[in-house]
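Asker: Handing you a structure now.
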Amino acid sequence: VTAPLFLPATPLRDDAANVVLRPWGRRPDAEALVAAWNDPDVARWTRVPAERSVIAAQRWIDGEGRRRADGVAIDLGVADATDPDRVLGEVGLAVLDSDRGWAEAGWWLTPTARGRGLATTALSLVTAWALNDLPVALVFARTQLANPASAAVAERAGFTFAGHADDGSRVWRSP
Ligand SMILES: CC(C)(COP(=O)(O)OP(=O)(O)OC[C@H]1O[C@@H](n2cnc3c(N)ncnc32)[C@H](O)[C@@H]1OP(=O)(O)O)[C@@H](O)C(=O)NCCC(=O)NCCS
């Protein structure tokens, strides 16, 4: 049975780390998303569409509510708590198996936002919230062998290594 997902009642935040996770919004977010899709690291390690226009980005943003209502996925923007309008990254959960309550986390940061723990904090926040508030029992993450920066995010967020997937990628499970 696919249960609808929902946004956090109030934006998820870690004040000590100055991080807030908030819903995707209008125009400036779409431009930030296009820039991220065009970043070589984001394009290499995450699923990005062939069409990387502002219109395509706005379409993806506008589709978030539908994906959430359908119980498919939830996607949140990562921002500094002191500057929440400027999106610096993304953290999302895609439902893998709704009967078992399995979800897979994904994330990226815009290049200038890397190196200060934003992705680790974002993954920790969304995982703790999902396990508590969503019909989610286990969060997985999957990182490619050649992408150690991403494996480090999973590890720092307390995920444990669960093994290698058939394609050789590393699978991590939530604490
Ligand atoms: C994966 C990705 C998000 C990692 O970004 P990141 O900035 O290295 O990750 P974090 O936000 O967790 O920051 C960790 C870095 O900040 C440092 N840091 C500083 N303060 C920190 C804090 N309070 N908490 C954690 N780390 C902190 C860490 O030491 C680390 O730096 P280092 O790599 O030089 O050791 C980024 O490389 C990216 O967007 N890549 C492309 C997309 C991608 O690969 N997505 C994942 C697909 S599975």
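Asker: Please work out which residue is farthest from the ligand (Cβ to nearest atom), limiting yourself to segment 118-151 and to residues that are assigned to a loop (DSSP other than H, G, I, E, B) and open to solvent by less than 30 Å² (accessible area, probe 1.4 Å).
Answerer: Within segment 118-151, the subset assigned to a loop (DSSP other than H, G, I, E, B) is 134-137, 144-147.
Restricting the remaining residues to those that are open to solvent by less than 30 Å² (accessible area, probe 1.4 Å) gives 134, 136, 147.
Details: 134: 20, 136: 18, 147: 5 Å.
The extreme case among them is 134.
Asker: Can you tell me which residue within segment 152-175, out of those that are charged (D, E, K, R) and more than 16 Å from residue 108 (Cβ to Cβ), is surrounded by the most Cβ atoms within 10 Å (Cβ to Cβ)? Walk me through how you get there before you give the answer.
Answerer: The first filter runs over segment 152-175 and keeps only residues charged (D, E, K, R), leaving 155-156, 166-167, 170, 173.
Next cut, more than 16 Å from residue 108 (Cβ to Cβ) only: 155, 166-167, 170, 173.
On the way: 155: 16, 166: 5, 167: 8, 170: 20, 173: 15.
The extreme case among them is 170.
Asker: Right, here's the next one. Could you check segment 33-72 for helices (runs of 4 or more DSSP H) lying wholly inside it with 2 or more residues that are hydroxyl-bearing (Ser, Thr, Tyr)? Let's see the steps before the verdict.
Answerer: Numbers: elements: 40-45, 54-62, 64-69.
In segment 33-72, no matching helices (runs of 4 or more DSSP H) lie anywhere.
Asker: Inspect segment 90-103 for any residue being crowded, with 22+ Cβ neighbours inside 10 Å, under 18 Å from residue 47 (Cα atoms), over 11 Å from the mean Cα position of the chain (by Cα) and within 15 Å of the ligand (Cβ to nearest atom) and give the result as yes or no.
Answerer: Yes: segment 90-103 contains one or more residues that are crowded, with 22+ Cβ neighbours inside 10 Å, under 18 Å from residue 47 (Cα atoms), over 11 Å from the mean Cα position of the chain (by Cα) and within 15 Å of the ligand (Cβ to nearest atom).
Asker: Of all residues in segment 2-53, how many are among the aromatic types (Phe, Trp, Tyr) and either open to solvent by 80 Å² or more (accessible area, probe 1.4 Å) or over 28 Å from residue 144 (Cα atoms) (or both)? Steps first, please.
Answerer: Step one: of segment 2-53, the residues among the aromatic types (Phe, Trp, Tyr) are 6, 24, 37, 45.
From what is left, the residues that are either open to solvent by 80 Å² or more (accessible area, probe 1.4 Å) or over 28 Å from residue 144 (Cα atoms) (or both) are 6.
Total meeting the criteria: 1.
Asker: Could you list all residues from segment 7-35 that are closer than 21 Å to residue 72 by Cα and under 15 Å from the mean Cα position of the chain (by Cα)?
Answerer: Listed by number, the residues that qualify are 7, 8, 11, 12, 21, 22, 23, 24, 33.
The values are calculated or read from the model by the stated rules, or taken from the named source; none is laboratory data. Fair warning: this is a prediction, and the values are worked out from it, not measured in the lab. Every residue, glycine as well, gets a Cβ built from its backbone with ideal geometry; the counts of neighbours run over all protein chains shown. Please note that ligands, DNA and RNA were not included when accessible areas were found on the heavy atoms of the full protein model with its side chains. Shrake-Rupley method; radii C 1.70, N 1.55, O 1.52, S 1.80 Å.
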